[in-house]
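Only one structure is covered here, and it is reproduced in the block below.
Any read-out appearing in this document is the output of simple, stated calculations on the displayed coordinates, not a laboratory observation. Remember, it's a predicted structure, so these values are computed and weren't measured experimentally. Cβ atoms come from the backbone with ideal geometry, glycine included; neighbour counts cover every protein chain shown.
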Amino acid sequence: MRHWIFHPLIFYPLAIIAAALLIGISLQPQKWERPPAPVTAAQAENTLVYAGRAFDSPDPTPEQHMTVVRNFWGRPLALRIAVLPDQPAPTPNDQGVRLLMTPEDAARIDDRPVTVEVTYNPSPVNAASGLAVSLQGGNAAAWVTQDAPPEPNTLRFELPATAAVNAIGLRAISADRDQASGIEITRIRVTPRA
């Protein structure tokens, strides 16, 4: 005797639904790119901390590849940036990959010099040789560059005061003329200086 679930009017619609769900899950919509949007930083005393969720919706740039590393559920874990081959050092008019700030967070560091600490992991293949960071706002960006040793580390940048701050600019640095070179950023701490 045949089980009722194998009746054609029940089995085939269930098989179609199961196939559609399997295809939908395999596309991983939870990992698709999000449109750029401001993110709120966590606060530790007077320091703004960008990690995890803060990397959800950065603003990309044409001279770099950008990937948000996400877990299975789509929660952001880190931000990978890779500069395209044969790119010059960033100029004041370059924006880089930008972490857009909320007006409340931007007001905490507006017109104040800041210390930015970037914790990173080097790319296992084609690691960037350095990282440049700037505060983006109403004026031209003042990029500060540091070498990035090929091991997990934290780089410390002393940035000048910037008026009308609205984002943090990030740019991987590499002299490689053949391949993109990248870095994985896991946390950014922004502390205003006195």
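Quick look at the numbers
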{"read-out": "Which of PRO8, LEU48, ALA107, positive extreme of dipole for the chain (C-beta unit charges)", "value": "PRO8"}
{"read-out": "Between helix 8-26 and the chain: long-axis angle, C-alpha atoms, 0 to 90°, nearest 10", "value": "10"}
{"read-out": "Helix-only mean residue ellipticity at 222 nm for the chain, each DSSP H run of n ≥ 4 adding -39500 (n - 2.57), per residue, nearest 500", "value": "-4000 deg cm²/dmol"}
{"read-out": "Packing-based ranking, highest mean first, of 70-77, 4-11 given that Cβ atoms within 10 Å are counted", "value": "70-77, 4-11"}
{"read-out": "Which of SER134, SER129 has the fewest Cβ neighbours within 10 Å, and the rest in rising order", "value": "SER129, SER134"}
